[in-house]
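The values are calculated or read from the model by the stated rules, or taken from the named source; none is laboratory data. Just so you know, these numbers come straight off a predicted model, no measurement behind them. Cβ atoms come from the backbone with ideal geometry, glycine included; neighbour counts cover every protein chain shown.
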Amino acid sequence: MTESIRIVGGNPLQGVIQIRGAKNAALPLMTAALLTDETLTLTNVPHLTDIQTMAELLEQHGVHINHTAGSYAYELKAQTIINTTASYDLVCKMRASILVLGPLVARCGQARVSLPGGCAIGTRPVDIHLSGLKQLGAQIELSEGYINASAPKGLTGAKITMPLVSVTATENLMMAGTLAKGETHLINAAREPEVVDLANCLIAMGAKITGAGTDTIIIEGVSRLHKATYAVLPDRIETGTYAMAAVITGGDLELTHTSLALIPSIASTLQQAGIIIQETPNGMRVKSSGSSILGVDVMTEPYPGFATDLQAQIMAVMTICRGASMITETIFENRFMHVQELCRMGANITVHHSSALVRGVPYLSGAQVMATDLRASVCLVLAGLAAKGETTISRIYHLDRGYENLEEKFRNCGANIERIAA
Ligand code: EPZ
């Protein structure tokens, strides 16, 4: 059943929102279970459709997953891997499926993984993943839309310089390196907190990894990994999203079970825009200063720069700023699909190549809009919360991939928001 979200905007959000575990940490952490025949127990795993999709994928590889409905804990045990193929119908549902490639080759010496298609935000090739695995000694052959990787004698450590900072390529190659013979150096590695979280979990499983969080990660291969219990770190994108919800509605929100340290660039951007952000023992409090939002320029960059996954959200905030904001997207080539939808709500935005000039308008007006990808859809929710009148957002299945009980959390803070059959 297709669903929409209906919002009547104008209510400042007031209250407390608990932040859950990071989707983009939980997904690679789940694939790490493939690296051992013992149990990996993960806690603080968010309830998201992407997590369910990953669980389905791992189960068809032979991973036994014990998860009590409603709980945030998962026990994953890959005692025997019965299938090293990740088929197109699963991979095309979620690009992060590519994260089984490194672990399968490392554990089983082979893998047949569908090439993830392009997606709404860009072509998103996986060449860095594949060239890295080749440097670790895997044979890689592409046929019929599949990656056929084999390393019958196992992988051998190598010095790999990645031409671009890639989060999942860093994660795939770090996992592959844990069971390779000898030492692997990942140079120009991604520094995202989710990469550090994965490294810390692998270390708890017996891997020898140093440098995670810097641009050079060194992995000394070991013969096997063992069981571990690990808590997924808080979701910095969820944190930034809800912080911006407080800002755009002129509200006052306390975000718990998270940390200001996870969103350095977002916090400084919001503070430049005149927003008050107070650190609390368990997270932060975000409130508007009462005067209007000041226009601030934003450029997305790899961590610790401004996260591309928060670009659509900050654009929604800047549509009602005093002045203007130049927003430049440097990571993906097509991540402005939300611009036209925001313009239908009265925003004044012009796009020139990878930059969008947002000229502040006094207010947005509710309209019928359509979600195109996960983060664009939440940007439209933020816009709807602030707009005068009623907004309905269609294709909200995108939202459920990355945000747990979003409407309920906003309703509990005073929003007039509900999910309706489309
Ligand atoms: C991760 O995707 C995240 N997904 C994305 O979040 C996030 O937007 C992105 O990192 C950037 O931070 C997960 O962690 C599951 P990249 P990933 O490889 O790893 C190019 C969300 O909304 N590239 O860091 O796929 C690529 O095209 C999602 O939660 C290559 O050219 O992104 C892009 O331009 C969306 N070749 C740039 O690098 C490669 O082999 C960065 O992409 C790999 C990437």
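Would you confirm whether any residue within the range 60-71 is over 22 Å from the mean Cα position of the chain (by Cα), assigned to a helix (DSSP H, G or I) and over 19 Å from L155 (Cβ atoms)?
Scanning the range 60-71, I find at least one residue that is over 22 Å from the mean Cα position of the chain (by Cα), assigned to a helix (DSSP H, G or I) and over 19 Å from L155 (Cβ atoms), so the answer is yes.
Would you check if there is a residue in the range 145-162 being assigned to a loop (DSSP other than H, G, I, E, B) and under 30 Å from L262 (Cα atoms)?
The answer is yes, given that some residue of the range 145-162 is assigned to a loop (DSSP other than H, G, I, E, B) and under 30 Å from L262 (Cα atoms).
I'd like the residue in the range 316-351 that is part of a loop (DSSP other than H, G, I, E, B) and not hydrophobic (A, V, I, L, M, F, W, C) and, out of all such residues, is nearest to the ligand (Cβ to nearest atom).
Only one residue tops the list, namely E333.
Do the conditions hold for R359, that is, is it modelled with pLDDT of 95 or more, over 13 Å from R344 (Cα atoms) and surrounded by fewer than 24 Cβ atoms within 10 Å (Cβ to Cβ)?
yes
Name the one entry in A169, A158, A228, A246 that is crowded, with 24+ Cβ neighbours inside 10 Å and either touching a strand residue (DSSP E or B) at 6+ places or on another chain (Cβ under 6 Å) or farther than 30 Å from S265 by Cβ (or both).
A246
Would you pick out the residues in the range 107-129 that are within 16 Å of the ligand (Cβ to nearest atom), of a type outside the set (D, E, K, R) and assigned to a loop (DSSP other than H, G, I, E, B)?
L115, P116, G117, G118, A120, I121, T123, P125, V126
Specify the residue that is surrounded by the fewest Cβ atoms within 10 Å (Cβ to Cβ); the eligible residues are those in the range 274-315 that are within 11 Å of the ligand (Cβ to nearest atom), among the hydroxyl-bearing types (S, T, Y) and under 23 Å from L357 (Cβ atoms).
Only one residue fits best here, namely T308.
Restricting to the range 72-89, give me the number of residues that are within 23 Å of T39 (Cβ to Cβ) and either in a helix (DSSP H, G or I) or more than 24 Å from the chain's Cα centre (by Cα) (or both).
8
How many residues are among the β-branched types (V, I, T), in a strand (DSSP E or B) and within 22 Å of Q14 (Cβ to Cβ) if we restrict to the range 224-281?
Counting residues in the range 224-281 that are among the β-branched types (V, I, T), in a strand (DSSP E or B) and within 22 Å of Q14 (Cβ to Cβ) gives 4.
Filter the range 30-59 down to residues that are touching a Ser or Thr at 6+ places or on another chain (Cβ under 8 Å), assigned to a helix (DSSP H, G or I) and surrounded by fewer than 21 Cβ atoms within 10 Å (Cβ to Cβ), then give me how many there are.
Number satisfying all stated conditions: 1.
Taking the criterion of being β-branched (V, I, T), buried (at least 18 other Cβ atoms within 10 Å of the Cβ) and closer than 30 Å to I263 by Cα, would at least one residue in the range 73-90 satisfy it?
No, that holds for no residue.
Under 8 Å between Cβ atoms, which residue pairs at least 6 apart in sequence (or on different chains) link something in the range 397-412 that is within 13 Å of A371 (Cα to Cα) and basic (K, R) with a partner that is in a helix (DSSP H, G or I) and away from the ligand (no atom under 16 Å from the Cβ)?
none
Is the range 121-131 home to any residue that is at pLDDT 95 or above, in contact with a His (Cβ under 9 Å, 6 or more places away or on another chain), within 29 Å of G213 (Cα to Cα) and not hydroxyl-bearing (S, T, Y)?
No, every residue in the range 121-131 fails to be at pLDDT 95 or above, in contact with a His (Cβ under 9 Å, 6 or more places away or on another chain), within 29 Å of G213 (Cα to Cα) and not hydroxyl-bearing (S, T, Y).
What pairs come out if I take residues in the range 323-343 that are free of Cβ contacts under 8 Å to residues at least 24 places away in the same chain and more than 26 Å from V165 (Cα to Cα) and pair them with residues that are within 10 Å of the ligand (Cβ to nearest atom) and of a type in the set (A, V, I, L, M) whose C-beta lies under 9 Å away, six or more apart or interchain?
Every condition considered, no pair remains.
Any idea how many residues of the range 104-132 are under 20 Å from the mean Cα position of the chain (by Cα) and farther than 29 Å from F336 by Cβ?
Total meeting the criteria: 0.
For the range 367-376, give me each residue that is in a loop (DSSP other than H, G, I, E, B) and either within 16 Å of the ligand (Cβ to nearest atom) or surrounded by 21 or more Cβ atoms within 10 Å (Cβ to Cβ) (or both).
Residues satisfying the conditions are A371, T372, D373.
Please state which of the following conditions A261 fails to meet, knowing it meets all the rest: (1) touching a residue at least 24 places away in the same chain (Cβ under 8 Å); (2) over 20 Å from V381 (Cα atoms).
(1)
So which of C413, C379 is in a helix (DSSP H, G or I) and either surrounded by fewer than 21 Cβ atoms within 10 Å (Cβ to Cβ) or modelled with pLDDT of 95 or more (or both)?
Unique residue meeting the criteria: C379.
Going through the range 130-144 one residue at a time, which ones are within 16 Å of the ligand (Cβ to nearest atom) and not in a loop (DSSP other than H, G, I, E, B)?
Within the range 130-144, L130, S131, G132, L133, K134, Q135, I140, L142 qualify.
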